[in-house]
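Presented below is the structure to which this report refers.
The values are calculated or read from the model by the stated rules, or taken from the named source; none is laboratory data. Please read these numbers as outputs of a predicted model, since none were measured by experiment. For neighbour counting, all protein chains shown are included, and Cβ atoms are generated from backbone atoms with ideal geometry for every residue, glycine included. Surface accessibility is based on the protein's heavy atoms, side chains included, excluding ligands, DNA and RNA. Shrake-Rupley method; radii C 1.70, N 1.55, O 1.52, S 1.80 Å.
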Amino acid sequence: MRLTLKIWRQANATADGSLKTYELDGVSEDMSFLEMLDVLNEKLNTEGEDPVAFDHDCREGICGMCSLMINGEAHGPEVTTTCQLHMRSFNDGDTITIEPWRAGAFPIVKDLIVDRSAFDRIIASGGFISANTGSAPEANSVPAPRDKAMRAFNVATCIGCGACVAACPNGSASLFLGAKITHLGELPQGQPERWDRVVSMVGQHDAEGFGGCTNIGECAGACPKEIPLDVISQLNKDLRTALKHGH
Amino acid sequence: MASTADVSGLTQLNSPSEQNSDDARGYYTLGEKIADTKAPKGLIAERWTKHKMDNRLVNPANRRKMSVIIVGTGLAGGAAAATLGEAGYHVKSFCYQDSPRRAHSIAAQGGINAAKNYKEDGDSTYRLFYDTVKGGDYRARESNVYRLAEVSANIIDQCVAQGVPFARDYGGLLDNRSFGGVQVSRTFYARGQTGQQLLIGAYQAMERQVAAGTVEEFKRHEMLELIVVDGRARGIIARDLVTGEIETHMADAVVLASGGYGNVFFLSTNAMGSNVTASWRAHRKGAYMANPCYTQIHPTCIPVSGDHQSKLTLMSESLRNDGRIWVPKNREDCTKDPRDIPEEDRDYYLERIYPSFGNLVPRDIASRQAKNVCDEGRGVGPMVGDFRRGVYLDFADAIKRLGEDAVREKYDNLFDMYARITGENPYETPMRIYPAVHYVMGGLWVDYDLQSNIPGLFVAGEANFSDHGANRLGASALMQGLADGYFVLPNTIREYLADAPFPAVDETDAAVVEARESVEQRINTFLSINGTRSVDSYHKELGNIMWEYCGMERTEEGLRKAIDQIRELRADFWSNLKVLGTNDSLNQSLEKAGRVADFLELGELMCIDALNRRESCGGHFRAESQTEDGEALRHDDEFSYVAAWEFGGDGGQPVLHKEDLIYTAIEMKQRSYK
Ligand SMILES: Cc1cc2nc3c(=O)[nH]c(=O)nc-3n(C[C@H](O)[C@H](O)[C@H](O)COP(=O)(O)OP(=O)(O)OC[C@H]3O[C@@H](n4cnc5c(N)ncnc54)[C@H](O)[C@@H]3O)c2cc1C
Ligand code: SF4
Ligand code: FES
């Protein structure tokens with residue numbers, strides 16, 4: 001198929017950026033979206049134009065590195081990551097607009113690449129269970145109810161991609177944050193630090209410049225791992241409880 | 001007990017028996033045998049405990065004054081950073097991704113082994129040790145493997161304490177599944193995302209240390225050179241991938257946990273950025289590269305669909321628990337809808353050839369048999385060259401037996417991924433799979449302490465060669481990465497650091513200046529060749545050579561051809577490469593150029609290693625060495641050694657150092673899974 005691509009080009013964090021138009025022919029529907037961009041980049045390289053920079057690594061939908069706004073939708077039209085999107089989701093003759101994540105807390109680095117290190121700092125602020133190596137009790141000494149363990153697992157599948165933030169009109173990271181709070185809060189091992197954790201992580205979230213949640217729900221719609229919106233209710237509930245008890 | 005020390009110190013230059021079978025003559029020189037692996041003596045079950053006692057301690061107050069560079073944030077590097085940080089050392093952690101959480105370990109699907117014997121099915125530390133040595137076709141160092149089996153149970157405890165949400169049964173206890181090459185259920189898992197959950201555990205533990213101030217993160221940084229001062233590894237040169245700045249980082253010790261180099265084949269299941277650069281730069285500085293030709297080709301991957309293909313996707317081995325592998329008995333049926341082929345016209349070839357292990361034979365065997373049936377013209381799916389390259393992995397029986405919901409619960413994300421990539425629904429029609437490069441057993445040589453032959457340079461995880469011999473069993477890489485990072489390295493590096501802190505090294509030191517300048521010069525060369533070919537085009541061509549001649553089946557003739565072709569390609573690369581852009585900004589083509597340049601050197605060494613090893617063992621299959629029914633045939637009399645290669649200089653010949661493999665706790669046999 002033949003496509004018209006409008007791609008955000010920006011030389012670095014401080015330069016002005018703009019959408020640039022490219023025509024690309026010979027795209028097959030078995031290609032992944034990123035393989036389509038590989039083909040474009042080979043062409044640009046031959047023609048002497050700087051290839052388009054975009055983040056990617058595993059190309060299996062699990063590392064969370066890929067991050068494109070495709071026709072205004074984070075990760076494009078399907079419920080999956082950009083790297084798992086295939087060209088069979090598009091038609092011959094389509095115009096596709098490709099932009100980086102847009103959010104105040106994710107500054108642009110170059111072209112389609114943004115800086116998501118705010119997520120690491122949120123985790124560092126309390127997104128863990130303190131268990132020094134070697135101090136752990138025998139694994140089966142503390143059973144975890146299966147339904148709770150399943151819920152913990154389901155939300156622990158968050159890949160930290162940031163699509164939720166990009167999709168949110170407020171640029172909030174509440175879905176990402178709620179997923180971590182719920183993952184650790186559902187497990188017996190996560191209880192001792194539960195209340196301090198939520199207060200500290202919410203504080204860091206706000207300090208990074210992410211917006212507040214006003215229950216719009218765009219985040220859950222964009223999330224490639226289908227993290228449910230109710231993790232935000234859990235987050236709010238835990239925060240209220242923590243504050244009530246003076247944490 | 002015969003120890004490696006008994007055979008040490010003998011320089012056996014080209015003894016006659018070695019010369020007779022030496023296919024690689026003319027490509028290398030023979031060096032001294034490896035004298036000491038530091039493996040302790042005594043009963044195998046007591047060695048690690050004793051060694052931990054013997055290794056000196058570092059006073060907590062002193063740890064703060066010591067710094068350790070860790071390159072890599074996968075299971076091995078992440079776990080090591082967290083643990084050394086907790087102990088109070090100053091850790092500098094590097095990764096090329098934008099976050100440590102994205103290291104390639106995240107993609108591991110199926111599970112992690114541990115000898116917990118929760119199923120009461122006869123598992124034990126010894127059995128895990130035995131299975132691993134046998135699975136590795138008796139080419140691993142037994143002391144290391146035993147230690148791995150021994151600490152495996154602690155890993156599960158550690159991960160559960162961190163909140164890793166493993167699968168559980170209805171009573172709330174941990175669940176297990178089976179993997180290839182074994183007859184017990186010892187694999188712990190988190191649906192098809194075990195690597196993700198384990199890595200997030202390690203990452204969170206590491207971030208906790210970032211907050212505590214003991215771990216310093218350098219993200220989007222790539223190590224491009226090792227700094228060796230007065231014979232000790234003392235630092236690295238890294239490039240900030242955003243600004244292009246070339247930085248010098250010094251420390252008391254350097255740990256490489258930079259993963260595997262399967263991407264030398266271009267198409268593999270590895271992440272796009274996985275590379276050999278950190279290891280290769282260390283190799284060029286003197287570190288031995290061990291068994292580089294030992295490559296694992298995984299039997300269950302989604303087949304290639306066209307020329308645009310940028311990577312291959314694994315379908316976890318755990319699927320072989322419930323899926324049945326088959327091809328049509330008759331070539332005429334290969335293009336039919338598989339559902340229309342009656343039972344009697346299907347060949348469940350693994351169940352037929354290996355009745356006792358069936359679909360759960362080890363990976364090397366499953367892969368080679370898939371190749372064989374396709375070579376016979378019984379493959380399915382699109383033609384790739386002269387043959388169809390695919391076999392069926394069929395879940396119809398499992399769905400009938402367990403119900404679709406139960407299958408969904410176990411494998412949903414894998415089935416989804418398959419559907420997305422191929423456009424076919426595996427709940428309705430069998431998956432098509434084919435082997436793909438997945439893992440490398442080879443890597444930098446390390447002793448029992450995970451220290452390379454360069455003092456102060458430690459290597460952990462897939463980057464070292466240590467535990468899997470010539471073939472790795474499923475679910476054992478995660479085990480090894482975490483064993484190295486959480487339990488082994490922190491207990492061995494302290495013996496080295498007991499003599500630290502070492503004298504400060506100035507950035508004007510000749511060794512530092514040399515390292516830095518060589519990096520700068522290389523980058524300038526890439527940017528100024530100004531030829532006509534892209535980095536990717538070289539990478540693809542190298543991959544084709546490697547897959548054709550150094551892939552699932554290797555021959556003397558093919559390997560010689562490959563070496564010639566690689567040399568030619570490398571010369572062309574350095575004269576005709578085209579990399580646009582500049583050094584002082586984010587430049588992905590430039591990053592790739594450095595990686596491919598190193599792959600072009602590694603590929604040649606892999607072929608030389610494969611040429612030298614005129615035997616078949618594990619994932620290394622030399623067509624010249626097989627039994628009558630086509631199984632791998634080892635030659636223990638000649639090749640029961642680790643091949644540790646020393647860099648021989650540009651244009652020079654690599655030097656082979658042999659480490660004899662001596663088994664005291666296990667008897668060497670030809671493997672049989674029939
Ligand atoms: C698809 C897939 C599925 C798998 N499934 C399983 C499984 O179910 N069970 C199992 O046991 N094993 C599995 N494996 C194997 C296993 O995942 C890996 O062997 C293991 O995770 C490697 O971990 P590591 O810590 O050694 O390295 P990696 O996780 O590969 O980490 C490498 C790190 O090094 C960094 N790095 C590399 N080079 C540089 C450089 N030059 N400068 C700076 N940083 C650098 C990277 O940024 C990264 O942080 C699977 C592998 C694949 C590909
Ligand atoms: S919650 Fe979903 S969208 Fe947000 S970071 Fe996690 S996986 Fe991505
Ligand atoms: S590249 Fe890893 S999730 Fe897309």
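Any residue in the stretch A:217-232 that is away from ligand 2 (no atom under 13 Å from the Cβ) and at pLDDT 95 or above?
no
Is there any pair with a first residue in the stretch A:150-164 that is without any contact (Cβ under 8 Å) to a residue 40 or more places away in the chain and a second that is in a helix (DSSP H, G or I) and within 16 Å of ligand 1 (Cβ to nearest atom) whose Cβ atoms are under 7 Å apart and which are 6 or more apart or on different chains, and what are they?
A:Ala156/B:Gln197; A:Ala156/B:Ile200
Of everything in the stretch B:78-116, what is modelled with pLDDT of 95 or more, within 29 Å of B:Ser178 (Cβ to Cβ) and away from chain A (no Cβ under 11 Å)? Give them in sequence order.
Scanning the stretch B:78-116 gives B:Gly78, B:Ile112, B:Asn113, B:Ala115.
I'm checking my understanding of the structure. Among residues of the stretch A:65-75 that are assigned to a loop (DSSP other than H, G, I, E, B) and buried (at least 24 other Cβ atoms within 10 Å of the Cβ), which one is nearest to the other protein chains (Cβ to nearest Cβ)?
So, considering only residues that are assigned to a loop (DSSP other than H, G, I, E, B) and buried (at least 24 other Cβ atoms within 10 Å of the Cβ), the one nearest to the other protein chains (Cβ to nearest Cβ) is A:Met65.
Just to be sure, is B:Arg191 within 16 Å of ligand 2 (Cβ to nearest atom) and open to solvent by 10 Å² or more (accessible area, probe 1.4 Å)?
For B:Arg191, the condition - within 16 Å of ligand 2 (Cβ to nearest atom) and open to solvent by 10 Å² or more (accessible area, probe 1.4 Å) - is met.
Would you confirm, using the coordinates I've provided, whether A:Val39 is open to solvent by 20 Å² or more (accessible area, probe 1.4 Å), away from ligand 3 (no atom under 12 Å from the Cβ) and under 17 Å from the mean Cα position of the chain (by Cα)?
Against the criterion (open to solvent by 20 Å² or more (accessible area, probe 1.4 Å), away from ligand 3 (no atom under 12 Å from the Cβ) and under 17 Å from the mean Cα position of the chain (by Cα)), A:Val39 does not qualify.
For the stretch B:497-511, name all the residues that are assigned to a helix (DSSP H, G or I) and surrounded by fewer than 21 Cβ atoms within 10 Å (Cβ to Cβ).
Within the stretch B:497-511, B:Ala510, B:Ala511 qualify.
Quickly run through the stretch B:280-301 and pick out the residues that are within 11 Å of ligand 1 (Cβ to nearest atom) and open to solvent by 10 Å² or more (accessible area, probe 1.4 Å).
Scanning the stretch B:280-301 gives a single hit, B:Arg281.
What do you reckon, is B:Asn117 outside any helix (DSSP H, G or I) and open to solvent by 10 Å² or more (accessible area, probe 1.4 Å)?
Taking the combined requirement at face value, the residue satisfies it.
Give the residue that is farthest from the other protein chains (Cβ to nearest Cβ), with candidates limited to residues of the stretch B:264-313 that are of a type in the set (A, V, I, L, M), in contact (Cβ under 8 Å) with a residue 40 or more places away in the chain and in a loop (DSSP other than H, G, I, E, B).
B:Ala287
Which of the numbered conditions does B:Arg432 fail, given that it passes all the others? Conditions: (1) modelled with pLDDT under 95; (2) on the phi < 0 side of the Ramachandran plot.
(1)
Can you confirm whether A:Gly178 is at pLDDT 95 or above, surrounded by 22 or more Cβ atoms within 10 Å (Cβ to Cβ) and more than 9 Å from chain B (Cβ to nearest Cβ)?
Yes: the conditions hold for A:Gly178.
Hey, does the stretch B:410-421 have a residue that's part of a strand (DSSP E or B), at negative phi, among the hydroxyl-bearing types (Ser, Thr, Tyr) and modelled with pLDDT of 90 or more?
No, there is no match, as no residue in the stretch B:410-421 is part of a strand (DSSP E or B), at negative phi, among the hydroxyl-bearing types (Ser, Thr, Tyr) and modelled with pLDDT of 90 or more.
Look through B:Leu148, B:Leu75, B:Leu128 and report the one residue that is more than 12 Å from chain A (Cβ to nearest Cβ) and touching a Gly at 6+ places or on another chain (Cβ under 9 Å).
One residue alone meets the criteria, B:Leu75.
Within the stretch A:94-107, does at least one residue satisfy the condition of being more than 8 Å from chain B (Cβ to nearest Cβ), open to solvent by 30 Å² or more (accessible area, probe 1.4 Å) and under 27 Å from B:Leu198 (Cβ atoms)?
Within the stretch A:94-107 (the criterion being more than 8 Å from chain B (Cβ to nearest Cβ), open to solvent by 30 Å² or more (accessible area, probe 1.4 Å) and under 27 Å from B:Leu198 (Cβ atoms)), the answer is no, since none of the residues qualifies.
Which one is farthest from ligand 2 (Cβ to nearest atom), of the residues in the stretch A:78-93 that are in a loop (DSSP other than H, G, I, E, B), within 13 Å of chain B (Cβ to nearest Cβ) and surrounded by fewer than 22 Cβ atoms within 10 Å (Cβ to Cβ)?
Step by step, filter the stretch A:78-93, then rank; the result is A:Glu78.
Quick one: in the stretch A:211-236, of everything that is within 16 Å of ligand 3 (Cβ to nearest atom) and not in a helix (DSSP H, G or I), which residue is most open to solvent (accessible area, probe 1.4 Å)?
A:Glu226
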